[in-house]
Amino acid sequence: MQGAALCGKVRQLMPSKNRITVNLSEDEYAAFDRLAARSKVSKAWLGRHAISSLIERTDGDEQQLPLPLTGLKRRGSR
């Protein structure tokens, strides 16, 4: 029930609709889908929550995010 209550609060705070597209691997999408179902929230809400949390954690931090770029596979590369 807590997820539904939080979702309602987020909707009240969202005056505009700006969209982004994110490509996920099959495994990432399946895990994301399971998390949304287990939390009883939509995948859209979960995505907004993740983005909001990241922004809140890094707000005012002048340093660049530590991005784990080494070891990532790029599409089309072997």
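Rounded to whole numbers, the Karplus 3J(HN,Hα) couplings from phi for segment 47-56 are x, 4, 4, 4, 5, 4, 4, 4, 4, 4 Hz, using 6.51 cos²θ - 1.76 cosθ + 1.60 with θ = phi - 60°, and x at Gly and Pro. Extension gain, LEU67 to SER39, is 7.4 nm, computed as 0.36 nm per intervening residue step minus the present C-alpha separation.
Quick note: the coordinates plus some simple rules give every number you see, no bench work behind them. Since this is a predicted model, take the numbers as computed values, not measurements.
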